[in-house]
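Below is one structure, written out as structure tokens; comments come after it.
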Amino acid sequence: MPPVIDREKCVGCGTCADICNSHIFLHEPDKDRVPRVRFPDECWHCDSCVLDCPAGAVRLRIPLPFMMLHVASESLRRQS
Amino acid sequence: MIPVKAVLEADLAVVGGGIGGLMAAISAAEAGAEKVIVLEKAHVRRSGSGATGNDHFRCFLPEYHKTLDSILQQTLNSPIGMTRDPVILRQSLEKSFELVRMWEEWGINMRPTGKYEFMGHAFPGRLRPSLKYDGRNQKAVLMTQAKKRGVRIFNHHPALDLCVAEEDGARRVTGVLALDMSVPEPAFVLVRAKTVLLATGLTHRMYLTGPTPAYMFNTSHCPNCAGGQALAWRAGARLVNMEIPYVHAGPKYFARAGKATWIGVYRYPDGRPVGPFITRPDVVYGDITGDVWNSAFTDVLLDGSGPVYQDCSGASSEELAFMRGAMFSEGLSAMVHYMDEHELDPGKHAFEFMQYEPTFHGRGVEVKPDAETSVSGLFAAGDMVGNGGAGISPAAYLGWTGGEHAAKKAAVLSFTNIEDDPALKERMELFSSFLKREEGPDWKEANFALQQIMSDYAPAGPHRVRSATLLRAGMEYLEQLRAEAFSHLRAGCSHTLMRTGEVLDLLDCARAVLHAALAREESRAGHRRSDFRFTNPLLNSRQLNVWLEGGEVKTGFRDKWM
Ligand SMILES: Cc1cc2nc3c(=O)[nH]c(=O)nc-3n(C[C@H](O)[C@H](O)[C@H](O)COP(=O)(O)OP(=O)(O)OC[C@H]3O[C@@H](n4cnc5c(N)ncnc54)[C@H](O)[C@@H]3O)c2cc1C
């Protein structure tokens with residue numbers, strides 16, 4: 001859930017783990033080059049890991065219950 | 001026992017390296033404090049509510065506003081003005097443009113349109129209070145400025161508690177107990193501090209999350225700011241305005257502050273504007289309806305006339321492009337990426353908005369105009385302050401002035417040995433006991449239980465009420481939960497121990513809220529008492545304090561500081 005790291009692209013620098021607003025990653029370079037998302041449901045989707053990853057290896061997968069409710073704006077105009 | 005890894009000394013120990021905390025650290029160093037440290041729960045580069053940006057800085061610019069009074073009165077008479085002591089607001093506005101110039105010099109873009117421009121959060125035809133800026137690099141810039149001045153930053157070091165000494169009946173802060181959670185194995189760090197400045201941000205996670213009750217980190221502001229007011233509370237400092245709920249609004253169900261960055265009109269499903277202020281998107285004023293009719297988004301659901309949509313479709317393509325850029329300045333990039341991935345376009349889609357759960361944003365620690373609390377040597381700044389206003393500019397101001405005064409105070413004080421403080425030892429043993437337990441509920445169970453109790457027994461109005469019987473019942477259930485938490489909670493690593501500490505803080509804050517809500521025998525803003533339905537005009541110029549004295553909760557009204 002939220003942050004998803006592309007193992008191919010990740011350079012193992014640990015920036016995401018270090019700067020995470022919610023401290024959700026665990027980076028143990030001796031065990032795995034790629035940080036692990038240890039507490040996914042504590043992500044605040046602040047985007048820091050995405051913005052600061054030097055390799056562009058992180059993206060956020062926003063959970064379904066966070067869906068942004070919307071309608072076509074035209075539908076508001078049609079009814080007015 | 002969890003080991004003590006280090007004992008540090010500080011003229012000023014700043015707790016929380018957000019906007020207020022970093023400004024305090026910088027200003028204390030400028031004012032001559034030699035040992036300034038910042039204890040930060042996450043990493044100062046990207047922590048707190050300003051992590052990835054903000055775009056409105058409330059500011060008095062003489063050449064535009066002419067008189068300070070114009071903007072002062074406008075703020076005091078708005079919903080966010082009610083909780084403030086006017087003297088602090090006046091001082092913060094007086095200093096605001098100087099702070100803007102400072103930020104600009106350090107490399108934060110305070111003129112994204114090329115000139116100082118006031119936009120958003122504004123009534124058509126009136127002077128506008130908020131300077132539009134681009135805060136996307138603000139945390140990195142403030143971090144660099146702090147380091148440049150020799151400030152030592154301890155990331156991944158949340159503060160768990162404060163140490164205080166009693167001298168001639170008065171309390172004085174002497175140090176901080178922090179947790180090193182940089183690795184899974186926890187360790188304590190003790191800080192002997194001549195002065196301490198708390199700047200832990202607002203408090204979230206006390207109420208069930210409005211948009212997604214099962215996901216407690218889907219919040220408008222930083223959810224890792226949770227319960228910091230309790231550090232001051234346990235030290236005996238006075239809190240203020242804890243009973244007046246603050247309820248933010250924004251997109252549904254992706255919770256995020258920043259509604260004034262949207263350039264649209266709030267509309268009913270039939271296209272009618274919800275408020276009287278604008279009929280088409282206005283890049284200069286925005287739609288202030290969401291600020292002044294705070295409960296609109298809930299009202300329309302309950303009376304069936306909703307939902308309410310944020311409709312930007314009448315904006316020009318230039319205005320929409322400007323808004324998209326501003327969303328990056330404001331720290332909304334995750335939301336922009338989500339919209340892109342889902343092919344949502346504010347020019348073509350209208351987004352439903354909602355009210356979120358109550359938070360403690362500009363509710364909490366009482367400070368005097370120099371940012372000192374009622375405990376000597378203990379200062380506070382930012383969203384955790386209850387009488388100074390919430391937001392970027394008040395945080396920057398109180399941080400700045402607090403750092404300066406703390407430095408002056410520290411210059412004539414000496415260090416106190418805290419290692420043998422019995423209260424500190426007791427707290428360290430409590431935290432160690434959580435780690436030793438083989439089984440038991442974790443922090444999340446306790447946090448959800450607390451949210452249930454607060455949502456049921458101290459809810460925010462206007463559609464839910466409080467009363468003496470409900471509040472007293474809430475107090476009883478809270479004590480039951482507290483007893484369970486202290487004797488059974490279990491933590492497995494430094495991260496969950498940090499979360500456990502937050503829950504203990506939230507429990508203390510909840511206690512303050514329930515007692516203050518009981519003492520405010522009237523209805524005011526979101527505090528609706530079914531047994532006191534009126535707003536008492538005699539209390540318009542009064543503030544309600546709540547504090548801990550000899551283990552007892554005390555409350556009392558005082559006059560506002562004009
Ligand atoms: C998306 C968004 C947009 C916003 N836009 C605006 C805007 O345009 N204008 C405006 O005025 N305001 C805006 N705000 C609000 C603004 O960001 C906050 O008011 C401001 O950051 C408050 O500063 P602060 O120092 O009080 O807290 P923060 O900047 O939140 O910092 C608090 C810090 O304390 C740390 N911390 C918490 N507990 C502990 C502990 N126990 N020990 C150690 N550290 C701890 C946190 O990790 C954090 O670093 C916005 C907020 C959000 C989320």
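The values are calculated or read from the model by the stated rules, or taken from the named source; none is laboratory data. None of these values were measured; they are calculated from a predicted model. For neighbour counting, all protein chains shown are included, and Cβ atoms are generated from backbone atoms with ideal geometry for every residue, glycine included. Side chains are part of the model used for accessible areas, which takes the heavy atoms of the whole protein and leaves out ligands, DNA and RNA. Shrake-Rupley method; radii C 1.70, N 1.55, O 1.52, S 1.80 Å.
The contact residues of region B:289-315, meaning those that lose at least 10 Å² of 1.4 Å-probe accessible area when all protein chains sit together rather than their chain alone, are B:TYR309, B:ASP311, B:SER313.
Cross-link partners of B:LYS66 among aspartates and glutamates, defined as those whose alpha carbon lies under 17 angstrom from its own and excluding same-chain residues fewer than eight positions apart: B:GLU94, B:GLU98, B:GLU117.
Remind me, relative contact order of region A:4-76 in percent, using alpha carbon pairs under 8 angstrom and six or more residues apart?
34
In this Cβ point-charge picture (+1 for Lys and Arg, -1 for Asp and Glu), region A:4-76 has a dipole of about 180 debye about its Cα centre. Centre-to-centre separation between the Cα atoms of region B:361-389 and those of region B:461-495: 25 Å. Rolling a 1.4 Å probe across the protein heavy atoms gives the protein assembly as shown an accessible surface of 36 Å² per residue. Potential lengthening of the chain between B:LYS66 and B:ASP345 amounts to 96.5 nm, from the contour at 0.36 nm per residue minus the alpha-carbon distance.
Computed about its Cα centre, the charge dipole of the protein assembly as shown is approximately 780 debye, with only Lys, Arg, Asp and Glu carrying charge at their Cβ. For the segment A:34-47, counting C-beta atoms of other chains within 10 Å of every residue's C-beta and taking the mean gives 6. What 222 nm value per residue comes from the helices of chain A, counting each DSSP H run with n ≥ 4 as -39,500 (n - 2.57) and dividing by all residues, nearest 500 deg cm²/dmol? Only helices count here, giving -4500 deg cm²/dmol. Can you classify the protein assembly as shown as rounded, prolate or oblate using the Cα gyration tensor, where a ≥ b ≥ c are the square roots of its eigenvalues, rounded means a/c under 1.5, and otherwise it's prolate if a/b beats b/c and oblate if not? Because its axes are fairly even, with a/c under 1.5, the protein assembly as shown counts as rounded.
In whole percent, how big is the carbon plus sulfur part of the accessible area of chain B, probe 1.4 Å, protein atoms only? With neighbouring chains kept in place, the figure for chain B is 51 percent. Per-residue SASA remark: B:CYS493, around 10 Å² accessible (1.4 Å probe; ligands, DNA and RNA not included).
Show me the helices of chain B, taken as full DSSP H stretches, that run 27 Å or more along their long axis by Cα and average 0.0 or above in Kyte-Doolittle hydropathy. Those that pass (Cα extent of 27 Å or more, hydropathy at least 0.0) are B:494-519. Assuming R0 = 22 Å, can you tell me the calculated FRET efficiency for the pair B:GLN452 and B:ALA473, based on Cβ-Cβ distance, to the nearest 0.05? Step by step, r from the Cβ atoms, then E = 0.95. May I ask you to give the percent of accessible area on region A:4-76 that is carbon plus sulfur, with a probe radius of 1.4 Å? Roughly 53 percent, rounded to a whole number. Using a 1.4 Å probe on protein heavy atoms, which residues of region B:127-168 have at least 50 Å² less accessible area in the complex than alone? Buried by the other chains: B:HIS156. Dividing the mean sequence gap of close Cα pairs (under 8 Å, 6+ apart) by how many residues chain B holds gives a relative contact order of 21 percent. Need one number: buried accessible surface between chains B and A, 1.4 Å probe, both sides summed, DNA, RNA and ligands left out, in Å² to 100. Accessible area lost upon association: around 4000 Å².
Rounded to the nearest 20 debye, the dipole magnitude of region B:349-472 is 380 debye, with +1 charges on Lys and Arg beta carbons, -1 on Asp and Glu beta carbons, and the Cα centre as origin. Counting only residues at least eight positions apart within a chain, or on another chain, the lysines with an alpha carbon under 21 Å from that of B:LYS408 are B:LYS35, B:LYS95, B:LYS147, B:LYS148, B:LYS194, B:LYS368.
Ordering B:PHE97, B:MET110, B:SER70 by the projection of their Cα atoms onto the charge dipole of region B:55-134, which places +1 on the Cβ of Lys and Arg and -1 on the Cβ of Asp and Glu, puts B:SER70 at the extreme positive end.
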